[in-house]
Amino acid sequence: MARRKASPSLSREAELFLEMMTAERGASRNTQAAYGADLADLEVFLGRRKQKPATADAEALRAYLKSLDYVGMTPRTVARRLSVMRQLFRFLVAEGLRSDDPASALDSPRLGRPLPKVLSRAEVDRLIDATKDRDGADGGRMATLLEILYATGLRVSELVTLPLSAVERDPTVLVVRGKGDKERLVPLSDPARAAIAAWLPVRAGALAEGETSRYLFPSRGRTGHLTRQRFAQLLKEAALAAGIDPARVSPHVLRHAFASHLLEGGADLRSVQLMLGHADIATTQIYTHVLDEKLRALVQEKHPLARRSRGRRPVDRTRPPGDT
């Protein structure tokens with residue numbers, strides 16, 4: 001295995017941990033970058049206390065977590081940083097680089113459970129239609145991206161790195177390589193297949209003359225494919241064109257819409273879990289809470305008794321009957 005180029009901002013212990021994440025757990029480049037940034041921030045804090053991962057104590061780690069809260073980081077972000085710390089120190093103990101685990105006694109921040117943001121089916125249709133209207137100069141690339149994303153619920157990194165070979169024979173399913181280098185099968189809708197068929201003949205226009213690319217959505221940039229950042233930017237522009245608040249739209253919101261709309265249509269939770277590539281079905285269950293909230297709002301808005309009660313004066317339950 002090719003060794004990672006050592007980062008001057010990280011200790012050797014952190015570098016060894018990141019190498020293990022790649023070699024043994026199949027961590028993606030994005031995961032490596034996120035973990036590396038979190039560890040670099042931790043090591044800067046520890047450095048001010050003349051400590052490093054090999055010598056840090058629980059008091060220093062608690063102080064670090066408090067500093068994150070002080071600067072206004074959300075509990076969810078703090079929890080992610082804590083998770084990285086715990087994995088690092090467990091690794092150091094397992095490798096004999098430490099005899100104790102100072103992170104084992106740290107308390108996790110209390111997390112709320114925010115429901116995923118989703119778009120309605122009508123809003124997704126408007127978004128795709130607006131993209132088709134504006135995408136003539138781009139050969140239908142953005143419309144194809146949205147059709148695939150809404151049809152499959154892919155993660156944005158999986159979408160922009162789709163290989164050309166995955167769609168060359170008009171497949172009814174996509175073979176997707178996701179987190180941990182695991183493969184899964186995701187069905188393709190007829191609109192997505194039609195969009196891909198229309199995109200393939202003009203795809204070469206995204207490349208320089210004589211250039212080839214293994215990606216379905218090639219780019220002349222350094223990565224060789226459309227980047228996540230550029231796709232998110234184009235999605236915001238599509239939202240504006242569709243008359244939807246861009247703040248409500250992101251690649252992940254469309255992934256949420258895919259899952260929620262499947263469950264609304266009667267799909268079982270296990271099937272949705274497999275298509276999303278969730279390792280734990282508990283992660284997928286959040287979408288059942290979205291449906292609960294929508295049903296509750298529907299009853300409050302549409303049920304005749306609920307409408308009638310909104311027009312009545314509230315009843316004082318503290319008074320006995322007849323007491324005025």
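Checking Ser83 against (1) farther than 23 Å from Lys179 by Cβ; (2) in a helix (DSSP H, G or I), which test does it fail?
Every listed condition holds for Ser83 apart from (1).
What is the one condition in (1) on the phi < 0 side of the Ramachandran plot; (2) open to solvent by less than 70 Å² (accessible area, probe 1.4 Å) that Glu209 does not satisfy?
The one condition Glu209 does not meet is (2).
Every residue in segment 95-141 that is modelled with pLDDT of 90 or more, assigned to a loop (DSSP other than H, G, I, E, B) and either surrounded by 14 or more Cβ atoms within 10 Å (Cβ to Cβ) or of a type outside the set (Ser, Thr, Tyr) (or both), please.
Glu95, Gly96, Leu97, Arg98, Asp100, Asp101, Pro102, Ala103
Among the residues of segment 142-189, write down those that are closer than 14 Å to Leu216 by Cβ and assigned to a loop (DSSP other than H, G, I, E, B).
Within segment 142-189, Leu154, Thr161, Leu162, Val167, Glu168, Arg169, Asp170, Pro171, Leu188 meet the criteria.
Return the pair list, or none, for Cβ contacts closer than 8 Å from residues in segment 103-121 that are under 29 Å from Gly153 (Cβ atoms) and of a type outside the set (Asp, Glu) to residues that are surrounded by 12 or more Cβ atoms within 10 Å (Cβ to Cβ) and at pLDDT below 70, at least 6 apart or on different chains.
From residues that are under 29 Å from Gly153 (Cβ atoms) and of a type outside the set (Asp, Glu), the pairs are Arg113/His289; Leu115/His289; Leu115/Val290; Pro116/Val290; Val118/Val290.
Matching residues to (1) surrounded by 16 or more Cβ atoms within 10 Å (Cβ to Cβ); (2) under 28 Å from the mean Cα position of the chain (by Cα):
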{"position": "Thr22", "(1), (2)": "yes, yes"}
{"position": "Gln32", "(1), (2)": "no, yes"}
{"position": "Tyr35", "(1), (2)": "yes, yes"}
{"position": "Leu39", "(1), (2)": "yes, yes"}
{"position": "Lys50", "(1), (2)": "no, no"}
{"position": "Ala60", "(1), (2)": "yes, no"}
{"position": "Leu65", "(1), (2)": "yes, yes"}
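Filter segment 45-71 down to residues that are part of a helix (DSSP H, G or I) and in contact with a Ser or Thr (Cβ under 8 Å, 6 or more places away or on another chain) and give me whichever is nearest to Glu15 (Cα to Cα). Reasoning before the result, please.
Initial filter on segment 45-71 (part of a helix (DSSP H, G or I)): 45-48, 58-70.
Next cut, in contact with a Ser or Thr (Cβ under 8 Å, 6 or more places away or on another chain) only: 45, 68.
Values: Phe45: 17, Leu68: 23 Å.
If we take residues in segment 45-71 being part of a helix (DSSP H, G or I) and in contact with a Ser or Thr (Cβ under 8 Å, 6 or more places away or on another chain), then Phe45 is nearest to Glu15 (Cα to Cα).
Looking only at segment 72-89, which residues are free of Cβ contacts under 8 Å to residues at least 12 places away in the same chain and surrounded by 15 or more Cβ atoms within 10 Å (Cβ to Cβ)?
Of segment 72-89, the ones free of Cβ contacts under 8 Å to residues at least 12 places away in the same chain are 72-74, 77, 83.
Selection gives Met73 alone.
I need the full set of residues from segment 212-251 which are open to solvent by 80 Å² or more (accessible area, probe 1.4 Å), part of a loop (DSSP other than H, G, I, E, B) and without any contact (Cβ under 8 Å) to a residue 24 or more places away in the chain, in order please.
Thr212, Arg220, Arg222, Asp245
Which condition number in (1) touching a residue at least 24 places away in the same chain (Cβ under 8 Å); (2) at negative phi; (3) open to solvent by less than 40 Å² (accessible area, probe 1.4 Å) is the one that Ser28 fails?
Only one criterion is unmet by Ser28, namely (3).
Quick one: His256 ticks every box in (1) free of Cβ contacts under 8 Å to residues at least 12 places away in the same chain; (2) of a type outside the set (Lys, Arg); (3) touching a Lys or Arg at 6+ places or on another chain (Cβ under 7 Å); (4) within 26 Å of Asp129 (Cα to Cα) except a single one, so which number is it?
Of (1) free of Cβ contacts under 8 Å to residues at least 12 places away in the same chain; (2) of a type outside the set (Lys, Arg); (3) touching a Lys or Arg at 6+ places or on another chain (Cβ under 7 Å); (4) within 26 Å of Asp129 (Cα to Cα), only one is false for His256: (1).
The values are calculated or read from the model by the stated rules, or taken from the named source; none is laboratory data. As the structure is a prediction and not an experimental result, all values here were calculated from the model. Counting neighbours? That spans all protein chains shown, and the Cβs are built from the backbone with ideal geometry, glycine included. For accessibility, only protein heavy atoms count, side chains too; no ligands or nucleic acids. Shrake-Rupley method; radii C 1.70, N 1.55, O 1.52, S 1.80 Å.
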